[in-house]
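The values are calculated or read from the model by the stated rules, or taken from the named source; none is laboratory data. Note that this is a predicted model, so its numbers are computed, not measured. Glycine also receives a Cβ, built like all others from the backbone with ideal geometry; neighbour counts cover every protein chain displayed. We work out accessible area using only protein heavy atoms, side chains counted, and drop any ligands, DNA or RNA first. Shrake-Rupley method; radii C 1.70, N 1.55, O 1.52, S 1.80 Å.
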Amino acid sequence: SAKAHGRNKFNYFTPKMQETALRRMKLIQDLKTAIKMEEFELYYQPIIDFSANASDNITKAEALIRWHHPKLGFISPVDFIPIAEDTGMIVEIGNWVFRQACRQAAQWKQTYGLDIQISINKSPVQFRDERSSVTSWTQYMSELNLSPASICVEITEGLLLETESGVGAKLAAFRDAGMQISLDDFGTGYSSLSYLKKFDIDYLKIDKSFVSNLEDNTNDLSLCEAIIVMSHKLGIKVIAEGIETELQRAMLECAGCDYGQGYLFSKPVKAEDFESRYFISSDEFRVKKNRA
Ligand code: C2E
Ligand code: MG
Ligand code: MG
Ligand code: MG
């Protein structure tokens, strides 16, 4: 019976497990509210172009979601994105992220006359849902009069692993529409070289776990160098994530890396702070004007 089953289950459920399950259920409930009440905010982290002059080296920024929970305060995306993926709520959240990033790019263009390409992270779950199809996205951008090139879609290897076919065609559709594609966290998953041959991508992001070991692990340096050479041969530009020191930056630049992102340059910041730092009173870094 259900009762016996329930009792049985209770026996195997430690208080610790029960607590985790309860916390999860509460988070699912709160996420629903968060979507309705718009408790999310996008932070922006600059992506530095190593080939540009020091005075105009910001051409891109990654948008990273922040959840301000009314009672619990800040909750990391690392803690709530997986839950949003499991429950399917990532589709609505991801569409909010997309629209917010578009509005921000359009506003920066209008107010400052600057073209900043904003990268957004897109979960594999979103690729399976019609609500975030290429046509719905391009329609939104045309309503804003925003060029599709203003958005770069960051995907992870997990998407490319999906056995159901059609992933390649979906990615190609986003590219054909004028958006760019980045392969995020490269080196943490299966990192099959065959992906790079099979799927057309514009950027490869070397994961921060490699970057943080650069200074004392010569294997990691060799790996980074090999990834960069190989990417360039395939016409892919390389972005290094998680650069925290000048030495890491120098080693990557020396290895031919195209772009860098990390706390050395800036943590992810609110849109207003991004504007005041890089558009209004910039010293070290500045947004590149009149990009092609
Ligand atoms: P990610 O896409 O790989 O983003 C980079 C993460 O590294 C960000 O963490 C960023 O704050 C952090 N980071 C950047 N520079 C440094 C550095 O120099 N040192 C260190 N230690 N960390 C650095 P964050 O914002 O906590 O996001 C974590 C992950 O959550 C993201 O990893 C991404 O997978 C996911 N995420 C964030 N926003 C979204 C979103 O809007 N949609 C989806 N689907 N996932 C998101
Ligand atoms: Mg990312
Ligand atoms: Mg990453
Ligand atoms: Mg990551």
- request: Would you please name the residue that is farthest from ligand 1 (Cβ to nearest atom), looking only at residues in the range 208-225 that are under 16 Å from Leu183 (Cβ atoms) and without any contact (Cβ under 8 Å) to a residue 40 or more places away in the chain?
  value: Leu223
message: So, Asn213, is that one within 16 Å of ligand 4 (Cβ to nearest atom), open to solvent by 50 Å² or more (accessible area, probe 1.4 Å), over 25 Å from Gln117 (Cβ atoms) and not hydroxyl-bearing (Ser, Thr, Tyr) or not?
response: yes
message: If I filter the range 124-135 for residues that are open to solvent by less than 40 Å² (accessible area, probe 1.4 Å), over 19 Å from the mean Cα position of the chain (by Cα) and not aromatic (Phe, Trp, Tyr), do I get at least one hit?
response: no
statement: Here the residues within the range 148-187 that are among the small types (Gly, Ala, Ser) and within 16 Å of ligand 2 (Cβ to nearest atom) are Gly158, Ser182, Gly187
- prompt: Of the residues that sit in the range 84-121 and are of a type outside the set (Val, Ile, Thr), under 22 Å from Glu162 (Cα atoms) and open to solvent by 10 Å² or more (accessible area, probe 1.4 Å), which one is nearest to the chain's Cα centre (by Cα)?
  reply: Asn121
field: Hits in the range 193-210 (condition: open to solvent by less than 50 Å² (accessible area, probe 1.4 Å) and either more than 16 Å from ligand 2 (Cβ to nearest atom) or β-branched (Val, Ile, Thr) (or both))
entry: Tyr195, Leu196, Phe199, Ile201, Ile206
field: Leading residue by the ranking (surrounded by the fewest Cβ atoms within 10 Å (Cβ to Cβ)) among those in the range 237-266 that are among the acidic types (Asp, Glu) and in a helix (DSSP H, G or I)
entry: Glu246
- prompt: How many residues does the range 200-219 contain that are more than 20 Å from Tyr263 (Cα to Cα) and in contact with a Leu (Cβ under 6 Å, 6 or more places away or on another chain)?
  reply: 1
- prompt: Can we say Ser150 is more than 16 Å from ligand 3 (Cβ to nearest atom), open to solvent by less than 40 Å² (accessible area, probe 1.4 Å) and among the polar types (S, T, N, Q)?
  reply: yes
- request: Take the range 203-236 and flag every residue that is of a type in the set (D, E, K, R) and part of a loop (DSSP other than H, G, I, E, B).
  value: Asp207, Glu215, Asp216
- request: Within the range 160-186, work out how many residues are modelled with pLDDT under 90 and surrounded by 20 or more Cβ atoms within 10 Å (Cβ to Cβ).
  value: 1
- request: Test Asn219 against the criterion of being more than 15 Å from ligand 3 (Cβ to nearest atom), open to solvent by 20 Å² or more (accessible area, probe 1.4 Å) and out of contact with any helix residue (DSSP H, G or I) (no Cβ under 8 Å at 6 or more places or on another chain), and give yes or no.
  value: yes
query: Looking at Ile81, Ile47, Ile65, which is the one that is within 16 Å of ligand 3 (Cβ to nearest atom), open to solvent by 30 Å² or more (accessible area, probe 1.4 Å) and either at pLDDT 95 or above or on the phi > 0 side of the Ramachandran plot (or both)?
result: Ile81
query: Are there any strands (runs of 3 or more DSSP E) wholly within the range 115-195 with 1 or more residues that are away from ligand 1 (no atom under 16 Å from the Cβ), and if so which?
result: none
